[in-house]
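Participant: The following block contains the structure, expressed as structure tokens.
The values are calculated or read from the model by the stated rules, or taken from the named source; none is laboratory data. Fair warning: this is a prediction, and the values are worked out from it, not measured in the lab. Positions of Cβ are generated from backbone atoms using ideal geometry, with glycine treated the same way; all protein chains shown enter the neighbour counts. Each accessible area value is taken on the protein alone, full model and side chains, heavy atoms only, with ligands, DNA and RNA left out. Shrake-Rupley method; radii C 1.70, N 1.55, O 1.52, S 1.80 Å.
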Amino acid sequence: MKKGKNYIAAAAKVEEGRIYDCNEAIELVREVAYAKFDETVECSVKLNIKKNHSVRDTVSLPHQFTAEKKILVFAKGDKAKEALDAGATYVGDDDLVAKIKDGWLDFDVCVATPDMMREVGKLGPVLGRRGLMPNPKTRTVTMDIKGALAELKQGRVEYRADKTGVVHLAVGKVSMGASSIRENVDVFLGDLRKKRPTDVKGDFVKSIALSSTMGPGVKIAVKE
């Protein structure tokens with residue numbers, strides 16, 4: 001894929017083969033961002049894991065940078081009321097299941113009470129492909145609807161390793177202060193390191209890079 005002149009100019013400012021410390025990398029990523037919009041800063045982590053390992057969880061970043069998410073809650077009775085009181089965007093049960101089956105997907109995250117999962121599970125082909133299926137591992141299948149919504153509104157985001165063993169997570173915007181981006185990176189990496197499978201030999205984290213939406217990757221020191 002041919003790179004544009006702006007990307008080539010940005011990449012020229014990143015020293016080939018150099019491993020930067022985190023603060024330098026953040027400043028460089030912000031400096032070389034060239035898009036006319038406020039680019040997202042992403043952290044990409046290559047893990048030493050096997051195909052049978054599942055590295056997936058959620059983390060609450062201290063500094064928010066995205067628009068408020070549209071939260072859909074599958075619940076009935078008192079739990080439905082709890083969801084409405086907690087500020088859910090959409091609340092329902094079988095009616096929402098039917099609506100999603102018909103193609104409606106105007107929401108960003110799903111939460112469900114355990115008793116709803118029998119019906120919600122039928123939406124697997126739709127929600128699963130988009131990473132929206134409620135899951136106990138990410139605390140989106142829970143009876144604590146109020147607590148789950150509070151965490152999501154405070155910036156809790158999900159991450160998972162892809163088939164190549166790489167975890168990608170947005171950790172800020174170019175317009176944010178470098179210290180805020182750094183704190184988000186530290187919280188994310190600190191949480192990720194706790195997910196090391198017990199049978200992994202050697203280093204769990206193989207490499208880490210930061211980049212903006214349109215910009216080149218900047219590698220940072222793993223052991224920093």
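Participant: In region 101-135, how many are touching a residue at least 12 places away in the same chain (Cβ under 8 Å), of a type outside the set (Phe, Trp, Tyr) and open to solvent by less than 30 Å² (accessible area, probe 1.4 Å)?
Facilitator: 11
Participant: Any residue at all in region 75-84 that's more than 15 Å from LEU149 (Cβ to Cβ) and open to solvent by less than 40 Å² (accessible area, probe 1.4 Å)?
Facilitator: no
Participant: Tell me, which residue of region 163-186 that is of a type in the set (A, V, I, L, M, F, W, C) and within 19 Å of LYS46 (Cβ to Cβ) is surrounded by the fewest Cβ atoms within 10 Å (Cβ to Cβ)?
Facilitator: Once the filter is applied, the top-ranked residue is VAL166.
Participant: If we keep just the residues of region 66-100 that are under 24 Å from ALA170 (Cα atoms) and free of Cβ contacts under 8 Å to residues at least 60 places away in the same chain, which is farthest from the chain's Cα centre (by Cα)?
Facilitator: THR89
Participant: In this structure, does SER54 turn out to be open to solvent by less than 90 Å² (accessible area, probe 1.4 Å) and at pLDDT 95 or above?
Facilitator: Judged against the criteria, SER54 is not a match.
Participant: Which of the residues belonging to region 214-224 are open to solvent by 50 Å² or more (accessible area, probe 1.4 Å) and not in a strand (DSSP E or B)?
Facilitator: Of everything in region 214-224, those that are open to solvent by 50 Å² or more (accessible area, probe 1.4 Å) and not in a strand (DSSP E or B) turn out to be MET214, LYS223, GLU224.
Participant: Give region 187-213 a look and list any residue that's buried (at least 17 other Cβ atoms within 10 Å of the Cβ), of a type in the set (A, V, I, L, M, F, W, C) and not in a helix (DSSP H, G or I), or say none.
Facilitator: PHE204, ILE208, ALA209, LEU210
Participant: Quick check: is even one residue across region 152-160 free of Cβ contacts under 8 Å to residues at least 60 places away in the same chain, open to solvent by 70 Å² or more (accessible area, probe 1.4 Å) and not basic (Lys, Arg)?
Facilitator: Scanning region 152-160, I find no residue that is free of Cβ contacts under 8 Å to residues at least 60 places away in the same chain, open to solvent by 70 Å² or more (accessible area, probe 1.4 Å) and not basic (Lys, Arg), so the answer is no.
Participant: Condition test on GLU15, is it among the charged types (D, E, K, R), part of a strand (DSSP E or B) and out of contact with any helix residue (DSSP H, G or I) (no Cβ under 7 Å at 6 or more places or on another chain)?
Facilitator: no
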